[in-house]
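See below for the structure under consideration.
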Amino acid sequence: MTFNIVCMSGDGIGPEIIAEAKRVLNKVAEKYGHSITYKNILIGGASIDVYGEPLTDEAIEIAKTSDAVLLGSIGGNAAISPWYRIAPELRPEAGLLKLRKSLNLFANLRSAYLYEELQEACPLRENVISDGFDMVIVRELTGGLYFGERSTKEMNGMITATDTLSYNEKEIRRIAVKGFETAMKRKKKVTSVDKVNVLDSSRLWRKVVEEVAMDYPEVTLEHMIVDNCAMQLIKNPKQFDVILTENMFGDILSDEASMITGSIGMLPSASLNDTKFGVYEPSGGSAPDIAGKGIANPIATILSAAMMLRYSFGLEKESKAVEAAVKQILKEGYRTVDIMPQDKSRCRFLKQVGTEDMGRSITEYI
């Protein structure tokens, strides 16, 4: 089979981690008899430097003709970068929002799994995570606060900023279906997260989710207020299977979930539309402070590539081969600096490696 992948390396550590994901994909193609072609496209600050905007319309059209997009990272240091001294709609992150909206990427799936080998890197107590945890956060990605009307203007002699949170029942229904379908392939439990005690949008969210749940009688549905969910992720993460939630809540909760896996560099994600097309990216940021140092963790990007093999290409065997390689390399003690234990006495039998060595080790095991 032949696949056409658009690569958007982006900013910061993006080019480094994308290079290792491509290394892995090339090995998969070689071993299993596939062919992959890549097309490189600028996004974020890299695109601003060349085109004056974070994502061009031409880039969007090229992405639409591909089978999937592999995305690195976007943005820089907001305190010093010239990218953040321009209008908000022209800043790096605006390119990511444009990509999601233009490609109708309404569903974001982020897997949070604690490898047994990384329990020492988890900040939670051993008695909390002794049995590990394995969850997927299904986040609505093209609605809500991030895409609502916004303004900053003077009102009654005072500068006032307004952001609008809006959802309609169609937007909620389609992400709810995605959440329940995901749960059907797992442990058949959905935790729907909202703020129903305050927000009208959450009251509609809960109503529609309950309607969708009727079509999935095998799935257990529970509702949870977002602040309680944030606490429960720390108190007892293994209680969760599929967390279903709206855009901003999902953004925050998935970052929290990533840290209890040991590092945000371990959390892959898939952003999907209603076809097999998707954008695959690590959940972490551009990390400009370590860009170019060769120490970034490429595992989240490599696991995102594994999600691409599964969701966009339908290659379950190949996807599992990548995931097994990651697990084996961790078992053998390979660690990037972010997942090395803080307790130096535990580091005796571990091997700290850089970005390239981690990618190469995983590739060699496939």
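The values are calculated or read from the model by the stated rules, or taken from the named source; none is laboratory data. What you see is a predicted model, and the numbers here were worked out from it, not measured in a lab. In this analysis, Cβ positions are derived from the backbone assuming ideal geometry, glycine residues included, and neighbour counts consider all displayed protein chains. Heads up: the accessible areas ignore ligands, DNA and RNA and are worked out on the full protein's heavy atoms, side chains in. Shrake-Rupley method; radii C 1.70, N 1.55, O 1.52, S 1.80 Å.
Here are the numbers for this structure:
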read-out	value
Count - residues of the range 39-75 that are more than 13 Å from S9 (Cα to Cα) and open to solvent by 70 Å² or more (accessible area, probe 1.4 Å)	8
Residue within the range 232-242 that is under 28 Å from G148 (Cβ atoms), part of a strand (DSSP E or B) and in contact with a helix residue (DSSP H, G or I) (Cβ under 9 Å, 6 or more places away or on another chain) present	yes
Counted residues, the range 23-38 - those being surrounded by fewer than 17 Cβ atoms within 10 Å (Cβ to Cβ) and either touching a Lys or Arg at 6+ places or on another chain (Cβ under 8 Å) or outside any helix (DSSP H, G or I) (or both)	5
Qualifying residue in the range 8-16 (condition: acidic (D, E), surrounded by fewer than 22 Cβ atoms within 10 Å (Cβ to Cβ) and assigned to a helix (DSSP H, G or I))	no
Answer from G285, G314 - the residue that is over 30 Å from K235 (Cβ atoms) and in a loop (DSSP other than H, G, I, E, B)	G314
Whichever residue in the range 49-102 is acidic (D, E) and in a loop (DSSP other than H, G, I, E, B) and, among such residues, is farthest from T301 (Cα to Cα)	E53
In the range 289-343, the residues that are surrounded by fewer than 17 Cβ atoms within 10 Å (Cβ to Cβ) and within 14 Å of E16 (Cβ to Cβ)	D289, G292, K293, G294, V337
Residue satisfying all of: in the range 171-185; open to solvent by 70 Å² or more (accessible area, probe 1.4 Å) and closer than 17 Å to R139 by Cβ; modelled with the highest pLDDT among these	R173
Leading residue by the ranking (nearest to T182 (Cα to Cα)) among those in the range 104-121 that are open to solvent by 10 Å² or more (accessible area, probe 1.4 Å) and not polar (S, T, N, Q)	R110
Enumeration of residues in the range 278-294 that are modelled with pLDDT under 95 and in contact with a Lys or Arg (Cβ under 9 Å, 6 or more places away or on another chain)	S283
Filter result (modelled with pLDDT of 95 or more, open to solvent by 60 Å² or more (accessible area, probe 1.4 Å) and outside any strand (DSSP E or B)) within the range 154-168	S166, N168
Condition check for E149: farther than 22 Å from E210 by Cβ and touching a residue at least 24 places away in the same chain (Cβ under 8 Å)	no
Check on E20, open to solvent by less than 20 Å² (accessible area, probe 1.4 Å) and among the charged types (D, E, K, R)	yes
Residues satisfying the stated conditions in the range 49-70, i.e. among the hydrophobic types (A, V, I, L, M, F, W, C) and within 13 Å of Y38 (Cβ to Cβ)	I62, A63, A68, V69, L70
Pairs with Cβ under 7 Å, 6+ apart, first in the range 30-54 and touching a residue at least 12 places away in the same chain (Cβ under 8 Å) and among the acidic types (D, E), second part of a helix (DSSP H, G or I) and surrounded by 11 or more Cβ atoms within 10 Å (Cβ to Cβ)	E53/S47; E53/L90
Members of the range 113-153 found to be part of a loop (DSSP other than H, G, I, E, B), more than 20 Å from the chain's Cα centre (by Cα) and of a type in the set (S, T, Y), listed by number	S130
Every pair of residues 6+ apart whose Cβ atoms lie under 6 Å, when the first sits in the range 79-97 and is surrounded by 18 or more Cβ atoms within 10 Å (Cβ to Cβ) while the second is assigned to a helix (DSSP H, G or I) and of a type in the set (V, I, T)	W83/I48
Yes/no for F277 being surrounded by fewer than 23 Cβ atoms within 10 Å (Cβ to Cβ) and among the aromatic types (F, W, Y)	yes
Enumeration of residues in the range 191-242 that are over 24 Å from the mean Cα position of the chain (by Cα), open to solvent by less than 50 Å² (accessible area, probe 1.4 Å) and under 30 Å from T261 (Cα atoms)	V196, A213, Y216, V219
